[in-house]
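The values are calculated or read from the model by the stated rules, or taken from the named source; none is laboratory data. Here the structure is a predicted model, which means the values were calculated and not measured. In this analysis, Cβ positions are derived from the backbone assuming ideal geometry, glycine residues included, and neighbour counts consider all displayed protein chains. When the accessible area is computed, the model is the full protein with side chains, heavy atoms only, and any ligands, DNA or RNA have been set aside. Shrake-Rupley method; radii C 1.70, N 1.55, O 1.52, S 1.80 Å.
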Amino acid sequence: MGFSSSCSLFKHHLIISFIINLAIITISHVNGCFTSIFSFGDSLTDTGNLFQLSLSESKKLSHFDFPPYGRTFFDYPTGRCSDGRLVIDFIAEEFGLPFLPPYFGGENGKPRNLENGVNFAVVGATALDDVFFKERGIHNPSTNVSLGVELGFFKDVLPSLCSSSSDCKEFLKKSLIVMGEIGGNDYNYAFLQGKSTEEILHFVPLVVDTIASAIMELIGLGAVTILVPGNLPIGCSPAYLTYFHGSDMADYDPLTGCITWLNQFSEFHNEQLQKKLDQIRKLHRNVNIIYTDYYNIAMRFYHSWNQFGFTETLRACCGGGGRYNYSSSMACGDSPLTTSCKDPSSHVSWDGLHYTEATYRWISKGVLEELYAIPYTNSLCFPSTVGKQIY
């Protein structure tokens, strides 16, 4: 394969022990910490951009835009690829900010209130430009938006928030930048359209360099605190488990049922991303770059599912049937023949590709722990309690 798993039994014991403690933690909400949040990414973060783009361009709506999406919290579809809130929503709530408006969809197609931040993430977005995939015969069924395009949206918005370079730097000092997760679709489209692992491995340094370039550009504009999530364990995804159904039994982790080599691929991406982030930290020592370990946070759900109230880890809540309740030809929200579970909070996966609100809530707890561990954030959020326990 050319890459190997960085997990060990000892590491899993530490993860399980840590999350049992995390399960009883309640993070108190804080106000006046970050005054705005700007988010980039794909369907894990989009709060309505693809939906609004489809409406404005008179395109067919995605199955994400129909019930039962949104049923748990909003009671109706919002363009979020889940039954409820996403990690970015929980982060906004934590800092006393409103849910991030999508970049598209407000007055004249753009949001009116920008002071508290904007969400530029688009369902289906990739890190690499669309032309890269077209040249390799890989089709993006959702959008031609890439990370570079989203960064362009941000630069279009910035002049309305600050009047000069120094003014922008001051404004961005109290802004949280959430860079993704992004890059997952670069691999998803390739894997699920039959490209070989060897070919897709060559995408990794290109994806990581693209993410790094975007971060460097944001730093140049004045960003000081940047959250950078890694990729999730794709080998546990009902979509991948369905696509690669019938694989050799040796390919499956006997403890979780996930496909080991696919998870190793995710770990490989994350290892390369962390190395690149370390390089950026050395160049910009006054910038807070927080790598958010989505992979290991999520793996806790598959190893210690009962600690989180889950009863189903590999079977989607909403889908078209089969062993993993996932079918690419009969997706959740796409057909009256799809089924939706009674209690989404008992499932890790919502629709086979995305998580339930309950899962995103748990991920957000891990994200906030990592964010609060940074001295800059601690001093910004708790100026009178620096060095004290915040929970």
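Which members of region 239-256 meet the condition of being open to solvent by 20 Å² or more (accessible area, probe 1.4 Å) and among the small types (Gly, Ala, Ser)?
Gly246, Ser247, Ala250
Taking into account only those residues within region 360-391 that are among the hydrophobic types (A, V, I, L, M, F, W, C) and assigned to a loop (DSSP other than H, G, I, E, B), which is modelled with the highest pLDDT?
Ala373
For region 125-132, state whether one or more residues are among the small types (Gly, Ala, Ser), touching a residue at least 12 places away in the same chain (Cβ under 8 Å) and under 19 Å from Phe104 (Cβ atoms).
yes
Inspect region 85-98 for any residue being in contact with a Cys (Cβ under 8 Å, 6 or more places away or on another chain), at pLDDT below 95 and open to solvent by less than 10 Å² (accessible area, probe 1.4 Å) and give the result as yes or no.
yes
Filter region 151-198 down to the residues that are within 22 Å of the chain's Cα centre (by Cα) and of a type in the set (Asp, Glu) and list them by number.
Glu181, Asp186
To keep it simple, each residue is scored yes or no on (1) of a type in the set (A, V, I, L, M, F, W, C); (2) in contact with a His (Cβ under 8 Å, 6 or more places away or on another chain).
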site: Leu201; (1), (2): yes, no
site: Val208; (1), (2): yes, yes
site: Ile226; (1), (2): yes, no
site: Ser237; (1), (2): no, no
site: Glu267; (1), (2): no, no
site: Lys282; (1), (2): no, no
site: Asn286; (1), (2): no, no
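Looking at (1) part of a helix (DSSP H, G or I); (2) closer than 25 Å to Cys81 by Cα, which is the only condition Trp261 fails?
Unmet condition: (2).
Return the residues of region 137-166 that are open to solvent by 40 Å² or more (accessible area, probe 1.4 Å), touching a helix residue (DSSP H, G or I) at 6+ places or on another chain (Cβ under 8 Å) and either touching a residue at least 60 places away in the same chain (Cβ under 8 Å) or under 18 Å from Ala223 (Cα atoms) (or both); say none if nothing qualifies.
Those that are open to solvent by 40 Å² or more (accessible area, probe 1.4 Å), touching a helix residue (DSSP H, G or I) at 6+ places or on another chain (Cβ under 8 Å) and either touching a residue at least 60 places away in the same chain (Cβ under 8 Å) or under 18 Å from Ala223 (Cα atoms) (or both): Ser142, Gly148, Lys155.
Please specify each residue of region 300-330 satisfying the condition of being among the hydrophobic types (A, V, I, L, M, F, W, C), out of contact with any Leu (no Cβ under 9 Å at 6 or more places or on another chain) and open to solvent by less than 30 Å² (accessible area, probe 1.4 Å).
Hits for region 300-330 are Phe301, Phe308, Phe310, Cys317, Cys318.
Any chance you could count how many residues in region 144-166 are in contact with a Phe, Trp or Tyr (Cβ under 7 Å, 6 or more places away or on another chain) and outside any helix (DSSP H, G or I)?
2
Would you pick out the residues in region 243-258 that are in a helix (DSSP H, G or I) and among the hydrophobic types (A, V, I, L, M, F, W, C)?
Met249, Ala250
Do you know which of the residues in region 99-127 that are open to solvent by 10 Å² or more (accessible area, probe 1.4 Å) and among the hydrophobic types (A, V, I, L, M, F, W, C) is nearest to Val204 (Cα to Cα)?
Within region 99-127, the match that is nearest to Val204 (Cα to Cα) is Phe104.
Each row is one residue, and each column tells you yes or no for (1) buried (at least 24 other Cβ atoms within 10 Å of the Cβ); (2) modelled with pLDDT of 95 or more.
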| residue | (1), (2) |
| --- | --- |
| Phe38 | yes, yes |
| Gly41 | yes, yes |
| Leu44 | yes, yes |
| Lys59 | no, no |
| Asp65 | no, yes |
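Here's a check for you: in region 340-359, which residue that is part of a loop (DSSP other than H, G, I, E, B) and buried (at least 20 other Cβ atoms within 10 Å of the Cβ) is farthest from the chain's Cα centre (by Cα)?
Of everything passing the filter in region 340-359, Cys341 is farthest from the chain's Cα centre (by Cα).
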